[in-house]
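The values are calculated or read from the model by the stated rules, or taken from the named source; none is laboratory data. Every value quoted in this text rests on a predicted model; they were computed, and no experiment measured them. Every residue, glycine as well, gets a Cβ built from its backbone with ideal geometry; the counts of neighbours run over all protein chains shown. Just so you know, the surface numbers come from the protein's heavy atoms only, side chains and all, with ligands and any DNA or RNA stripped out. Shrake-Rupley method; radii C 1.70, N 1.55, O 1.52, S 1.80 Å.
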Amino acid sequence: MKYHHKLRRQLQSAQLDSKQLEQLAPFLKMVDDSYRLFDFDMQHAESILEESSKELFLRNQQLKNNVKEVKGQLNKVASNIKDVIFEIDLNGNWSYLNNAWEELTGQPVKETLGKPVGECLKNTKGKPFLNLINLESPETNTFSKTLESLDRNGKKIWLKFTINCIKSDLGTIDGYIGTIANITNLKRTELQLIKSREKEIKANKAKGEFLSTMSHEIRTPLNAVIGIAHLLLIEDPKQEQIENLETLKYSSEHLLGVVNDILDYDKIASGSLHLEEANFSLKQVLTTVESIFSNIASKKGISFKIEKDALLQDSIIGDSTRLSQVLTNLVSNAIKFTEKGQVNLKIKVVEESEDDSKLSFTVIDTGIGIPDDKIEKIFESFAEANPSTTRLYGGTGLGLAICQKLLELMGTSLKVESTFGTGSSFSFEVKLKKGNPIASLFEDELHEKDTPDQSSLFGRRFLVVDDNRINLLVVEKFLKKWGVGFDIATNGKIAVEKAASNEYDLILMDLQMPVMDGYNASLAIRKLDRPYTRKVPIFALSASTSTAIKTDLLKFGINGLITKPFNPDELFAILSETLNKKIEIDLD
């Protein structure tokens, strides 16, 4: 029998004879089979190993090719990105830059790598950005900042430098990565917008000053017209003169309304109008509306009624002046456009909680109505449903636009339903806080008092300060009628001199005057070394209505503002009420 070559070598070494080989034959057969089986297993293992090695080699080649492809794609992407992509080592030197670097700075990438960041990035003076990154505190180098630099042609540019830390799996910082973006166009647009905004602010300021000046210039003669019309009407005019005087008074008051509308619209449009939050009597607001329009409606031969919900609470917190303005405008329009029938103002409680009331206000008329295609237009500024309406009924076309804007400030809006030739309904819902009933009762008591006795000012002594002869004439006539003694000062300096040498019960102070204006004159009077000058009421009597004026009054020791043109009855009531109070101004 021919044994495995390894077994044959072992037998030769053992030098066994034939008899011994014969005796060991079964055992040798087993050893031979083992050797042969081992060879077979080895060949099989080597075959598997060879196949695995070939597969591993192919996979490795494929992986290398994939890495090479991805790297090529990333390099291609990085090379085509307009922003600079960079890496910086812990020593603050560039370790990677894409092609955008050379396009931005004109410096070759190869020559830049390995150099410190500050040497390659320079400011508009050509000097390096020192300490751009903090090498001593690597963790702080995560930021974004705008740098003013120079491009490859020496022109000023703005760069956005953004950097972040590269952290290892252990959390240690291995370097930095980031971008440099050229934001010059964006920055120029931003600067242009800022410049445009500054121009807009200047233009709005100029517009405001123009409107304020024009308001003052219009109100000053209006003050004389309205004041003298009042005087003539109460001085027992002839019967044939009454109608002319009433027309004069109405026309001048209408012109005043136009001026007020324009000023209110400008305040709303510029965002300078702010709503007040104060306790007021809703009953008094409605009573005032009723007293104004009942007579006007009656003269037109139509009826005007106010219908109130039984659940309506009287004491409310809000801006009573602006609510009255909206209601007055809506009712005025309704009466203006109604030739027969009626106008109703309905107030209902829609929702109620412990703290709030949601109220619905609706003004319904039987007037000319509005065509369907014109309803949206009526809320536009300076617009009427039809141009002929303005010629026939008058108006600025601002009333409803102002109402809508005021209601938007209150968090609501004006709704309209109308049938042309039949009538219209204007409504809005507004949530108002419930007020203090005691404060409301006190408010009612004040308004329910009879008009002050015309002799309540008799014997008082006033100082009237104004440089306008017409204004002085009007005020003089009313003060004489009320039995008030007075001195005249035509500028602030004279007013201070008179206040220093005389004592007055009240001072009426114009604000815009030559030599010394009313502000500084009031402040100087308050600072006189005389006890009465801290207590004497000073009221600004001005044709200007700007918000800034009302804000500045107390700074100069002025107690309040009476706007020209003034209603004589209201002026008398304010003066009478003021003189019954104890007033002391603290300017410290």
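General observations
- Residue that is farthest from THR213 (Cα to Cα) [pool: residues in segment 474-515 that are buried (at least 18 other Cβ atoms within 10 Å of the Cβ) and among the hydroxyl-bearing types (Ser, Thr, Tyr)]: TYR504
- Options LYS299, LYS305, LYS283, LYS340; residue that is in contact with a helix residue (DSSP H, G or I) (Cβ under 9 Å, 6 or more places away or on another chain), open to solvent by 40 Å² or more (accessible area, probe 1.4 Å), in a helix (DSSP H, G or I) and farther than 23 Å from ALA401 by Cβ: LYS283
- Neighbours by Cβ (under 6 Å, 6+ apart or cross-chain): first from segment 463-477, free of Cβ contacts under 8 Å to residues at least 12 places away in the same chain; second open to solvent by less than 40 Å² (accessible area, probe 1.4 Å): none
- GLU200 at pLDDT below 75 and either surrounded by 10 or more Cβ atoms within 10 Å (Cβ to Cβ) or not assigned by the TED database to the domain that holds LEU473 (or both): no
- Only listed residue being open to solvent by 40 Å² or more (accessible area, probe 1.4 Å) and either within 30 Å of VAL349 (Cα to Cα) or among the β-branched types (Val, Ile, Thr) (or both), chosen from LEU255, LEU311, LEU248: LEU311
- Among the residues of segment 541-588, those that are at pLDDT 85 or above, polar (S, T, N, Q) and in a helix (DSSP H, G or I) comprise SER576, THR578.
- Residue that is under 19 Å from GLY114 (Cα atoms) and of a type in the set (Val, Ile, Thr), where the choices are ILE157, ILE194, ILE166: ILE166
- Filtered residue count, segment 69-103, keeping only those that are more than 18 Å from PHE161 (Cβ to Cβ) and modelled with pLDDT under 75: 11
- Members of segment 487-524 that are of a type in the set (S, T, N, Q) and over 35 Å from the mean Cα position of the chain (by Cα): THR490, ASN491, SER501, ASN502
- Condition met for ASP487 (at pLDDT 90 or above, closer than 30 Å to SER270 by Cβ and not assigned by the TED database to the domain that holds ILE316): no
- The C-beta contact set for segment 511-534 (first residue under 25 Å from ASN471 (Cβ atoms), second residue of a type in the set (Phe, Trp, Tyr), distance under 6 angstrom, 6+ apart or interchain) comprises TYR519/PHE556; SER522/PHE556; LEU523/PHE556.
- Of the numbered criteria (1) under 34 Å from the mean Cα position of the chain (by Cα); (2) hydrophobic (A, V, I, L, M, F, W, C); (3) part of a helix (DSSP H, G or I); (4) not assigned by the TED database to the domain that holds ARG197, the one LEU256 fails is (4).
- For first residues located in segment 176-192 and outside the structural domain of PHE143 (by the TED database) and in a strand (DSSP E or B), partners that are of a type in the set (D, E, K, R) and at pLDDT 90 or above and lie 6+ apart or on another chain with Cβ distances below 9 Å do not occur.
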